[in-house]
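The values are calculated or read from the model by the stated rules, or taken from the named source; none is laboratory data. Because the structure is predicted, anything quoted here is derived from the model rather than measured. Positions of Cβ are generated from backbone atoms using ideal geometry, with glycine treated the same way; all protein chains shown enter the neighbour counts.
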């Protein structure tokens, strides 16, 4: 099977007081590029999340959004910073003496000064948190992988259809090429007879000219290579795996052969067919950009 680089996955996992909601969005990219947006308290798990994701995706740009809720009653505590409060009191006393003011500071006022009273989360078991988070990551990544496989199969069917169209064009050019040479020979012979007005015609000279012309427009080698590339793409699609880069290279090679065929074309129908070939190859290249 082949995978598209476009996909989406979502998960919502709750265990006890902890709840994780994860969304993953993937689009095409030359390499694996992962961006994670999550609460700061989960930053310690970033490397583990990236490592887990590699089990499901090898290439693409992935945006991951993680929200975390902890509804436990005792997950935070208030901390009294005695040294900071003492510093405030020291300078307030100095200010009162220096400016002749009443030192009317109250406990309720002092407690509202920055850093005197702070709320801190109690130590949490990272292993327990990761156990739930990993489960949520796996579910979301699996959903994204399945959507990428479905899209990949659609791409595969579309590409196989385009390869069939290319083969029809190649078969037409192969059938038409000998006819072009025969028509050229007949036109050349008719023109020579007309110019000589009944005089003897040198058939060897005509044969030489026809041979030169046939060699000039010959695309046999290009047709063989193009057929080979088409078969290689078809085989890669059936074999599956991470074939995006390989298909991109083969598409470039097919385009090169189509360009050569078009440059040698000395016939309107072959030129039209060559243009159709190039158009189909360009469509194939666009589709391939989204294959992992």
| field | Among (1) crowded, with 16+ Cβ neighbours inside 10 Å; (2) in contact with a helix residue (DSSP H, G or I) (Cβ under 8 Å, 6 or more places away or on another chain) - the single one residue 44 does not satisfy | value | (1)
| Got a sec? Which of 214, 199 is over 30 Å from residue 55 (Cα atoms), modelled with pLDDT under 70, part of a loop (DSSP other than H, G, I, E, B) and in the same structural domain as residue 160 (by TED's automatic domain parsing)? | 199
| request: Give the number of residues within the stretch 217-248 that are in a loop (DSSP other than H, G, I, E, B), surrounded by 14 or more Cβ atoms within 10 Å (Cβ to Cβ) and within 28 Å of the chain's Cα centre (by Cα). | output: 2
| Restricting the stretch 99-117 to residues that are surrounded by 13 or more Cβ atoms within 10 Å (Cβ to Cβ) and in contact (Cβ under 8 Å) with a residue 24 or more places away in the chain, which is farthest from the chain's Cα centre (by Cα)? | 110
| message | Condition first: part of a helix (DSSP H, G or I) and surrounded by 18 or more Cβ atoms within 10 Å (Cβ to Cβ). Now tell me which residues in the stretch 263-279 satisfy that. | response | 270, 273, 274, 277
| request: Using the structure shown, decide if residue 155 is buried (at least 18 other Cβ atoms within 10 Å of the Cβ), in the same structural domain as residue 43 (by TED's automatic domain parsing) and in contact with a helix residue (DSSP H, G or I) (Cβ under 7 Å, 6 or more places away or on another chain). | output: no
